[in-house]
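**Student:** I have a structure here, written as structure tokens, and I will follow up with some questions on it.
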Amino acid sequence: MSFQAYLDKIEDKTGLTPRQFITLAQEHGYDSPDTKAGTILEWLKQDYDLGRRHGMALVHVIKNGAKISDKHVGSGGTHRDESDTLWLDGKANRP
């Protein structure tokens, strides 16, 4: 499953876009560089019933933004994506 597909599934399940999760994380103070992934994962599990894999996709965008490693672009690996930039503003708004 591509990284983008994880984000799309999260939107399907919660009704929230990745960009909205970034805003919520900021409101909770979870965007700080010293915030541990486990803290964010616990919040996402409690409030949105997201598992570890989907939660880690959001941890990445909360901490690093939309860019992903080039090693995943066009690869046959687990998180293969078409681009090194993830779409964070919702499936309906994707160009």
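The values are calculated or read from the model by the stated rules, or taken from the named source; none is laboratory data. A quick note: this is a predicted structure, and the numbers were derived from the prediction, not measured. Cβ: placed from backbone, ideal geometry, glycine included. Neighbour counts: every protein chain shown. With ligands, DNA and RNA removed, areas are computed over all heavy atoms of the protein, side chains included. Shrake-Rupley method; radii C 1.70, N 1.55, O 1.52, S 1.80 Å.
**Student:** Give the stretch 43-72 a look and list any residue that's modelled with pLDDT under 80, of a type outside the set (Ser, Thr, Tyr) and surrounded by fewer than 16 Cβ atoms within 10 Å (Cβ to Cβ), or say none.
**Tutor:** Keep residues of the stretch 43-72 that are modelled with pLDDT under 80, which gives 69-72.
Still in the running and of a type outside the set (Ser, Thr, Tyr): 70-72.
Hits for the stretch 43-72 are Asp70, Lys71.
**Student:** Could you list, in sequence order, all residues of the stretch 17-36 that are open to solvent by 90 Å² or more (accessible area, probe 1.4 Å), closer than 23 Å to Asp89 by Cβ and in a loop (DSSP other than H, G, I, E, B)?
**Tutor:** Selection gives nothing.
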